[in-house]
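The values are calculated or read from the model by the stated rules, or taken from the named source; none is laboratory data. Here the structure is a predicted model, which is why all the values come from computation and not from measurement. As a convention, Cβ positions derive from the backbone with ideal geometry for all residues, glycine included, and neighbour counts pool all protein chains shown. SASA here: full protein model, heavy atoms, side chains in, ligands and nucleic acids out. Shrake-Rupley method; radii C 1.70, N 1.55, O 1.52, S 1.80 Å.
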Amino acid sequence: MDPGLHVKQAINHLNKVLAYYPYVADGGEATVALTPEDWGVVADAFFHMDTPPEVFPDAIESYRMSDDRSEIQLQVQDGTLVRIQAG
C-alpha cells in the first residue's frame with residue numbers, strides 16, 4: 001500500500017513519538033502529548049482510514065483508543081505502554 005499524505009504525516013508523528021518516549025518513560029509507561037491537530041491525524045490513520053497495521057512503524061506491536069477516547073495507547077516492542085494525548 002502506498003499511503004496517502006494524511007497517513008504519511010501520521011507515520012511522521014508516530015516516529016517522533018517513538019523517538020521521544022524513552023526520555024519520559026517511567027515504570028513501563030510513557031505519556032507523550034501531540035497538538036490536537038496532530039493527535040487527530042494519528043487517530044484518523046489508526047481508526048478512521050482503514051490503514052493496514054503493517055504501514056505503521058515496526059516498533060508498534062498494538063494500538064487502541066482508550067475507553068474514554070482521551071488517548072491513543074501504543075504497546076511497543078520493548079514492553080512500554082505509550083499514551084499519546086492531545087495537549
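Things to note:
- Any hit, segment 34-53, residues being at pLDDT below 95 and outside any loop (DSSP other than H, G, I, E, B): yes
- Within segment 53-87, considering residues that are within 10 Å of the chain's Cα centre (by Cα) and without any contact (Cβ under 8 Å) to a residue 12 or more places away in the chain, the one most open to solvent (accessible area, probe 1.4 Å): Arg64
- For segment 1-10, residues that are open to solvent by 30 Å² or more (accessible area, probe 1.4 Å) and outside any loop (DSSP other than H, G, I, E, B) total 4.
- Qualifying residue in segment 65-77 (condition: modelled with pLDDT of 95 or more, in a loop (DSSP other than H, G, I, E, B) and in contact with an Asp or Glu (Cβ under 7 Å, 6 or more places away or on another chain)): yes
- Restricting segment 17-52 to residues that are touching a helix residue (DSSP H, G or I) at 6+ places or on another chain (Cβ under 9 Å) and open to solvent by 20 Å² or more (accessible area, probe 1.4 Å), the residue that is nearest to Val76 (Cα to Cα): Thr31
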